[in-house]
Amino acid sequence: MGFYTTQVVPRIINVACGMKEADPLRRRVCDGLAGEVVEIGFGSGLNIPFYPATITRVSAVEPSDLGWRLASRRLAATRIPVQRTGLDGQSLLYPDDSFDAALSTWTLCTIPDAEAALHELRRVLKPGAALHFVEHGLAPDESVRRWQHRLDPMQQRLFGGCHLTRPIVDLLTAAGFTVTELDVFYEKGAPKVMAADSLGIATAGG
Ligand SMILES: C[S@@+](CC[C@H](N)C(=O)[O-])C[C@H]1O[C@@H](n2cnc3c(N)ncnc32)[C@H](O)[C@@H]1O
């Protein structure tokens, strides 16, 4: 990986994903998390301030060393133990049925093989456990989708492999999750091509 990917992209993500407009969405998606939680694409720990006190431990999966370093102040400020225990969501090092819940925020766009990551999450979640997610992906409107397809190659080059056109709910369902809560909307303050969000809860089957 080159300098741009390792040293620039994590800083861009820290600023772009750290916009205050996203705070209410982070609060919503973290609401109800409890017990042992795995968070994939932990980034710079922007969800930490929104972790509810019902979480007992977070296992963070994040390939970027710089992302993890940028999380240091937030890590120091939380009483919830957070450990970086994985580098790749596509291949988790935990045994089956390890976690009470999972968290993924704007990450399925970037993991090269999102399907593999979701299968891994399902494997490590206890039966019936919930994945809390907010992800941007393929827009509900055809006019926006056309632009997403046009801009997708540039987006991937500029933002560390981020795709604009992933069908989030279809990916979840294909991996064997049941989507039990779902809100689809355009995030305020961002261009629609990058802001077609799906926020909800999906449960891992038994
Ligand atoms: C757009 S950022 C979102 C970061 C964070 N979830 C947030 O809400 O601020 C996508 C994150 O996915 C991470 N990522 C990329 N490939 C990954 C992989 N194979 N496994 C886990 N995370 C990955 C990136 O390093 C980056 O931190």
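What follows draws every value from the coordinates through simple rules; no lab data is involved. What you see is a predicted model; the values in this text were computed from it and never measured. Quick reminder, even Gly has a Cβ in these numbers, built from the backbone with ideal geometry, and neighbours come from all protein chains shown.
Could you compute the net charge surrounding Ile48? Neighbours are other residues with a C-beta less than 10 Å from the C-beta of Ile48; K and R count +1, D and E count -1. Around Ile48, the surrounding residues sum to +2.
Once the other residues with Cβ under 14 Å from the Cβ of Gln90 are scored (Lys, Arg +1; Asp, Glu -1), what is the net sum?
-3
With an 8 Å Cα cut-off and a minimum separation of 6 or more residues, compute the relative contact order for the chain in percent. Taking the mean separation of contacting Cα pairs over the length of the chain, I get 19 percent.
Region 99-206: which trypsin sites (Lys or Arg not before Pro) are DSSP loop and have at most 11 other beta-carbon atoms within 10 angstrom? Sites meeting the loop and neighbour criteria: Lys188.
Bridgeable aspartates and glutamates around Lys188 (alpha carbons under 20 Å apart, same-chain partners fewer than 8 residues away excluded): Glu21, Asp23, Glu135, Asp141, Glu142, Asp197. In plain terms, the residue of Arg84, Arg79 with the fewest other Cβ atoms within 10 Å comes first and the most crowded comes last, giving Arg79, Arg84.
Computed over the chain with a Gaussian network model linking Cα atoms closer than 10 Å, the most mobile of Gly189, Gly41, Gly89 is Gly189.
Across region 54-206, Cα-Cα distances exceeding 20 Å account for 52% of all pairs.
Under 19 Å from a label point set 7 Å out along the Cα-to-Cβ vector of Arg145, the amide N atoms of region 102-126 belong to 109. Would you tally the net charge around Val37, using a Cβ to Cβ cut-off of less than 9 Å, leaving Val37 out, and scoring K and R as +1, D and E as -1? Net charge in that neighbourhood comes out at -2.
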